[in-house]
Amino acid sequence: MTAPLTGKKAVVTGGSRGIGRAITLALARSGVQIVACYRRDAAAAETLAQELKEIGADHQVLQADVTVAEDTERLADECRARLGSVDILVHNAAAISHVPFAELSYEEWRRVLDTSLTAAYLTIQRTLPLMSAGSSVIAIGSRAALAGIAMRAHYTAAKAGLVGLARSLCRELGPEGIRVNVVAPGVIETPDLRIPPEVRDRYERMTALGRLGEPEDVAAAVLFLAGDASRYISGETLHVDGGI
Ligand code: NDP
């Protein structure tokens, strides 16, 4: 009933580390051609490129800061040149910090909103001319957008913004056959997330499944929303949080 992803073309923002890396590798293993971008960690990007090569994926890993409009245009140009069209766009890049609201500087508010939310506007708008009926846009949100988190008002506001963006774009792009959804992870253990043992225990007990998430758990949800199996789902937020 459902077609495989083989031969599809995808762009992933922030594909070099953590969840973005898992998404990029999962897409590549499914036979998808990939353009992935990163901001500044060239070593992580090189490792990803090597992993993609070992999979045998047609890939391009390039530096592009998605908060910079010119960079998102360059990213779209690279997709046009390398892929010709885009079936799957994953906006994964984000910024986060832990700051009491009263001390949250305007610069920090802007940095987090720019990376998590405004970059989604830039990337989706610039890539839209390459998309057509059957294309799928997936923004990586957060469970925090629903629950709220103290000291992370800027981050949660940005992630909640992605939900509104997806719902509006679902209506606007639906007539063209383009779907727009959000994947909202809970606590996902990436190599960079160093959780103290006592906090880890509390987080684990918060979940119904009794464990933290793995980047691959999020990637699996992205594969589902990228493919034909989810062809009648748009404007939705899919929570990947172990039942928190
Ligand atoms: P990481 O910090 O591990 O990785 C972030 C990635 O995004 C890196 O590849 C980074 O590249 C890239 N990136 C950051 N800023 C930019 C930018 N301006 N332009 C281009 N690329 C950029 O993040 P996680 O894997 O932890 O999170 C991935 C997504 O999942 C985010 O949207 C996050 O909010 C969301 N999420 C994560 C959770 C978790 O528990 N980990 C929970 C809920 C949501 P570089 O290293 O070069 O800067």
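Read-outs: derived from the displayed coordinates by stated rules, not from any lab. Every value quoted in this text rests on a predicted model; they were computed, and no experiment measured them. All Cβ positions, glycine included, derive from the backbone under ideal geometry; neighbour counts span all protein chains shown.
Calculate the length of the line joining the C-alpha centroid of region 172-229 to that of region 1-37, in whole Å.
15
Grab the alpha carbons of region 1-155, take their convex hull, and tell me the volume per residue in Å³.
So the per-residue hull volume is 117 Å³.
Please sort 197-203, 126-132, 106-112, 182-188 by packing, taking for each peptide the average over its residues of neighbouring beta carbons within 10 angstrom, highest first.
182-188, 126-132, 106-112, 197-203
May I have the convex hull volume per residue, in Å³, for the Cα set of region 111-204?
Spread over its residues, the Cα hull of region 111-204 gives 119 Å³ apiece.
Arranged by the count of other C-beta atoms within 10 angstrom, fewest first, what order do ASP41, ASP192 take?
Fewest-to-most ranking of ASP41, ASP192: ASP192, ASP41.
Once the cut-off is 13 Å, how many percent of the Cα-Cα pairs in region 40-113 end up in the long-distance tail?
76
Sort THR67, THR123 so that the residue with the fewest other Cβ atoms within 10 Å of its own Cβ comes first and the one with the most comes last.
So the residues, fewest neighbours to most, are THR67, THR123.
In what sequence do CYS170, CYS79 fall when counting other Cβ within 10 Å, fewest first?
CYS170, CYS79
Would you mind classifying region 1-93 by shape? Square roots of the alpha carbon gyration tensor eigenvalues, ordered a ≥ b ≥ c; an a/c under 1.5 is rounded, otherwise it is prolate if a/b is larger than b/c and oblate if not.
Oblate, because a/c is 1.5 or more while a/b does not exceed b/c.
Quick one: divide the alpha-carbon radius of gyration of region 63-102 by 2.2 N^0.38 Å and tell me what you get.
1.61
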